[in-house]
Each structure stands twice: as C-alpha cells, then as structure tokens.
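Here is the structure we will look at.
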Amino acid sequence: MKIKRNAERCHGCRSCEIMCSFHHHGCISPAASSISIKRENATGRVFWSVDATCDLCKGEKEPWCERFCAYGALKVAR
C-alpha cells in the first residue's frame, strides 16, 4: 500500500506533514515528518513526496495524513 495525492485537490496546507510528524514523534515538526510539502508561491504548484520512514501510521485505523486532509487530496492505495 502507498499514499496517493490528488494534485488537483491539494492546496499545500501541510496538515498532512504536521500530522505525520505528530504520529512519529509526538510533536509538530515538519523536519520529523515522512511527508515533505513544498509550495511554489509564484505559480501555486505544490511538490509532494513521501520518504521510506512512512509506516502508513501503523497501529492507527487509517493514516493520519489521509484522515486530517481537509481537502480530501490523500488516499491510501489499497
């Protein structure tokens, strides 16, 4: 399984990045997240990546990045 992002729905709000860091380390720290979000302000383009530390929120009902995405841009490909 892996996380897929719908680029049309993603606004680069970074809530997935923050919730990921909270899942892994119990703190809000984008540097500690498995997800990296970069937004190009001039064009509005959002660049998104997930590194190998992603465990799809093992032990949780669903990945927190998907659960807390206000725009419904993330889905776990099952």
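Every number here is computed from the coordinates shown, using simple stated rules; none is lab data. On a predicted model such as this, the values are computed, not experimentally measured, just so you know. Here the Cβ positions follow ideal geometry from the backbone for every residue, glycine too, while neighbour counts run over all protein chains shown.
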Subset of the range 61-78 (residues that are outside any loop (DSSP other than H, G, I, E, B) and among the charged types (D, E, K, R)): E66, R67, K75
Go through the range 27-46 residue by residue and tally those that are free of Cβ contacts under 8 Å to residues at least 24 places away in the same chain and under 11 Å from the mean Cα position of the chain (by Cα). 4
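The rows are residues; the columns are (1) surrounded by 18 or more Cβ atoms within 10 Å (Cβ to Cβ); (2) on the phi < 0 side of the Ramachandran plot; (3) charged (D, E, K, R).
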position	(1), (2), (3)
R5	yes, yes, yes
C16	yes, yes, no
F22	no, yes, no
I28	no, yes, no
N41	no, yes, no
G44	no, no, no
D51	no, yes, yes
C54	yes, yes, no
Where the second residue is surrounded by 14 or more Cβ atoms within 10 Å (Cβ to Cβ) and not in a loop (DSSP other than H, G, I, E, B) and the first is β-branched (V, I, T) and lies in the range 53-78, which pairs have Cβ atoms under 8 Å and are six or more apart or on separate chains? T53/H24; V76/I3; V76/E66
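Would you check if there is a residue in the range 23-33 being in a strand (DSSP E or B), touching a helix residue (DSSP H, G or I) at 6+ places or on another chain (Cβ under 8 Å) and of a type outside the set (F, W, Y)?
So the first thing to find is which residues in the range 23-33 are in a strand (DSSP E or B), and the list is none.
Checking the range 23-33: not a single residue is in a strand (DSSP E or B), touching a helix residue (DSSP H, G or I) at 6+ places or on another chain (Cβ under 8 Å) and of a type outside the set (F, W, Y).
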